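Everything on this sheet refers to the single structure shown next.
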Amino acid sequence: QVRLVESGGGLVQAGGSLRLSCALSGSIFSINAMGWYRQAPGKQRELVATISSGESTNYADSMKGRFTISRDNAKNTVYLQMNSLKPDDTAVYYCYCNIVLGSLSPSTNYWGQGTQVTVSS
């Protein structure tokens with residue numbers, strides 16, 4: 001069974017940093033894109049950043065220059081380094097992986113359970 005387990009969330013003061021991790025476990029054939037979304041109370045889930053299998057990255061405009069996404073393919077893990085955090089960054093952060101389970105299988109998105117990030121002013 002494929003699982004994504006996130007860690008690294010917590011409470012931090014404005015201007016501080018956090019590093020989120022998301023580790024995939026289970027039997028898979030390959031991983032395509034990996035990424036992070038977030039959802040603040042009363043708002044829709046929004047893209048934070050994505051990273052392709054070739055390590056091309058894409059960021060939402062408000063995260064550019066502050067957040068860095070990376071992946072360790074040997075560990076099936078995606079990271080999100082968040083610097084210069086603002087109260088507006090407060091949200092539940094969800095990781096996702098686009099996974100191929102078998103050589104003849106289509107790709108499917110899997111999601112983590114979410115980790116809370118709270119930035120105090």
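Quick notes on this one:
- The DSSP beta bridges internal to the chain are antiparallel in roughly 90% of cases.
- Any cysteine of the chain lacking a neighbouring Cys Cβ under 4.7 Å - listed by number: 97
- Structural descriptor for the chain: relative contact order 36 percent, calculated from alpha carbon pairs under 8 angstrom and at least 6 residues apart.
- Isotropic mean projected area of the C-alpha convex hull, the range 26-101 (nm²): 5.6
- Cα-centre dipole for the chain with unit charges at Cβ (Lys and Arg positive, Asp and Glu negative), debye to 20: 80
- Put simply, the amide H of residue 53, placed in the peptide plane, has neighbours under 5 Å in 33, leaving out anything fewer than 5 places away on its chain.
Every read-out reported here was derived from the displayed coordinates using simple, explicitly stated rules and does not represent laboratory data. Computed from a prediction, not measured in an experiment: that's the story for all the values here. Ideal geometry is used to build each Cβ from the backbone, glycine not excepted, and the neighbour counts take in all protein chains shown.
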